[in-house]
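Beneath this line is the structure, given in structure tokens, with notes to follow.
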Amino acid sequence: MQTDLPTLTEQAKGGSVRAAARLMSIMTDAPQRLAELLRGSHDWPQPRLVLGITGAPGSGKSTLTDHLAHEYRTRYPDRRLGIVCVDPSSPFTGGALLGDRVRMMRHATDPMVFIRSLASRGHLGGLALGAKGVARVMGLIGCDVVLVETVGVGQSEIEVAMSADLTMVVLAPGQGDSIQLLKAGLMEAGDLFVVNKADREGANQLYQSLLSALQLEAMAKADLRAHCSGDLNPQPNVFLVSASQHQNITALIDGLEAWTDREQGNWAEERQKQVIDEVRQALLEEVRRRVIRTMGTNGKSQSRIERILSGETTVERLATEILTEVLK
């Protein structure tokens with residue numbers, strides 16, 4: 001028997017942290033139920049900002065997230081903050097370290113900070129959908145700002161981050177050609193860029209190179225208005241910080257707050273439009289689950305595949321056979 005989501009939703013809207021935690025667990029374990037959760041979501045309370053944080057492993061995303069949370073809590077002590085941490089699962093054991101909680105221990109006893117860790121469990125599509133569901137629940141319980149930190153720069157991580165209002169790409173010196181890294185989709189995915197570890201050698205050079213690259217990108221897109229206005233920096237949303245030293249974190253928060261004040265109304269409308277896409281993804285996730293269940297265990301699945309390899313059937317025919325079984 002499935003858990004009654006409408007009851008849990010009403011309890012969470014009433015301030016029940018226990019109900020919210022249960023909803024988040026459901027979104028993690030059964031992401032296809034996001035469609036059920038979103039019924040009546042048009043009148044839900046919404047965060048002012050959902051910030052996606054992504055970047056290469058080792059760039060300091062977790063430390064930066066920790067210091068952003070600290071700065072937000074210092075500025076707005078009466079506002080609730082949500083943090084969603086996405087970690088990969090081991091392909092060997094199936095477990096996940098969930099190490100972001102270790103770096104954020106100082107927030108563990110703060111009743112106004114809600115931290116939730118998610119593991120991919122080998123299925124990236126479900127992970128992205130589950131993270132979206134968790135972020136929705138955090139808005140439901142009144143989180144003013146939700147930080148969504150992903151583990152790296154894979155397709156799933158970018159998908160998770162791009163479901164946020166703003167996507168922050170974190171870079172750091174000493175990771176090879178970081179500008180080349182931006183060509184892997186991050187240049188388009190990022191709304192703002194942070195060069196972390198400013199106290200290290202090469203950070204300022206990376207910062208200047210990034211500014212130049214983004215400026216060239218803007219010129220390539222023929223953003224003539226930015227140049228005609230005399231603005232020599234058409235991409236000002238680049239910050240040089242040192243999270244571990246809490247250097248320029250205040251300036252970064254200032255920039256985020258200014259952006260939030262300017263675009264908050266537009267983001268609320270965009271979130272409502274995203275509901276349709278999220279329900280579509282939930283539907284596809286349910287179809288995926290049923291197909292996998294119908295294909296059977298590894299042994300049964302292998303025997304089906306061997307029929308293709310032996311020439312007994314084709315992929316198209318076997319797909320039709322499996323879908324017919326699903327319908328039955």
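Values as computed for the structure displayed
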| read-out | value |
| --- | --- |
| Unmet criterion (only one of (1) surrounded by 19 or more Cβ atoms within 10 Å (Cβ to Cβ); (2) modelled with pLDDT of 85 or more) for Leu129 | (2) |
| Cβ pairs under 7 Å, 6+ apart, first in the range 204-217 and modelled with pLDDT of 80 or more, second of a type in the set (Phe, Trp, Tyr) | Leu210/Phe193 |
| Any hit, the range 253-262, residues being within 23 Å of Val137 (Cβ to Cβ) and within 20 Å of the chain's Cα centre (by Cα) | yes |
| Any chance Arg200 is in a helix (DSSP H, G or I), in the same structural domain as Thr54 (by TED's automatic domain parsing) and either surrounded by fewer than 17 Cβ atoms within 10 Å (Cβ to Cβ) or modelled with pLDDT under 70 (or both) | no |
| Residue ranges of helices (runs of 4 or more DSSP H) in the range 234-328 with at least 2 members within 23 Å of Leu192 (Cα to Cα) | 249-295 |
| Output for the range 36-59, where each listed residue is farther than 17 Å from Ser117 by Cα and at pLDDT 90 or above | Pro47, Arg48, Leu49 |
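A quick yes/no check of all residues on (1) of a type in the set (Gly, Ala, Ser); (2) surrounded by fewer than 24 Cβ atoms within 10 Å (Cβ to Cβ); (3) in a strand (DSSP E or B); (4) modelled with pLDDT of 90 or more:
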site: Asp78; (1), (2), (3), (4): no, yes, no, yes
site: Leu81; (1), (2), (3), (4): no, yes, yes, yes
site: Pro91; (1), (2), (3), (4): no, yes, no, no
site: Gly94; (1), (2), (3), (4): yes, yes, no, no
site: Pro111; (1), (2), (3), (4): no, yes, no, no
site: Ser117; (1), (2), (3), (4): yes, yes, yes, no
site: Gly125; (1), (2), (3), (4): yes, yes, no, no
site: Val153; (1), (2), (3), (4): no, yes, no, no
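The values are calculated or read from the model by the stated rules, or taken from the named source; none is laboratory data. The model shown is predicted, which means the values in this text are computed figures rather than measured ones. So basically every Cβ, Gly included, is an ideal-geometry build from the backbone, and we count neighbours across all protein chains shown.
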